[in-house]
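Only the coordinates and a few stated rules stand behind these numbers; no lab work does. Given the structure is predicted, the values throughout are model-derived calculations rather than measurements. Because the Cβ atoms are built from the backbone with ideal geometry, glycine has one as well, and the counts that use them run over all protein chains shown.
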Amino acid sequence: MKRVGLMLGTLVLLLMLGFGLWLISRPQRGGTGEVSTRFRWVGPNDKIVVDGFDDPKVKGVACHLSRAQTGGVKGALGVAEDTSDASIACRQIGPISLVGELKDGEQVFDERRSLLFKELQVVRFFDRERNVLVYVAYSDRVIEGSPKNSISTVPVMPWPKP
């Protein structure tokens, strides 16, 4: 009986440690800005958060991503499941240069939207015929994904020298 209790105690301790590490390792959300959309009596409000990020393989392109963030107690603890709503806008901000080979559907941004099963992703495609970079934001789940998505295109243009 003591052995079972010791095993259960160890399992609970490992789960708590894993959960703590997961909370600490979550990416910072809302780096560019945020607006409240629903007041919560307990915990943070529901929000729309906006982050900016650079494409790691395409220098000269920046993207901004907005998405819903659930507040309340579950949101404060990081266990709330956020909706699949997201919007993306990408723009050329300087001369475009490629770092490595571009692969269609390559992930350029990801973020967990629930504790285990849901993830927000941004993938990039290169439309060679039109010389345009295409960025798609969407959420997926292990079992059932969402058709909600957002798209942004960046025509690859010469950049004037200052």
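Which FRET efficiency, nearest 0.05, do Lys148 and Asp127 yield, Cβ-Cβ r, R0 22 Å?
Numbers: r = 22 Å, r/R0 = 1.01.
So the FRET efficiency works out to roughly 0.50.
Just to verify a number: FRET efficiency for Glu101 and Val35, C-beta to C-beta distance, R0 = 30 Å, to 0.05?
On the way: r = 39 Å, r/R0 = 1.29.
Calculated value: 0.20.
Once the Cβ-Cβ distance between Leu8 and Asp85 is put in as r, and R0 is 45 Å, what FRET efficiency do you end up with, to the nearest 0.05?
Details: r = 40 Å, r/R0 = 0.88.
Here the calculated transfer efficiency is 0.70.
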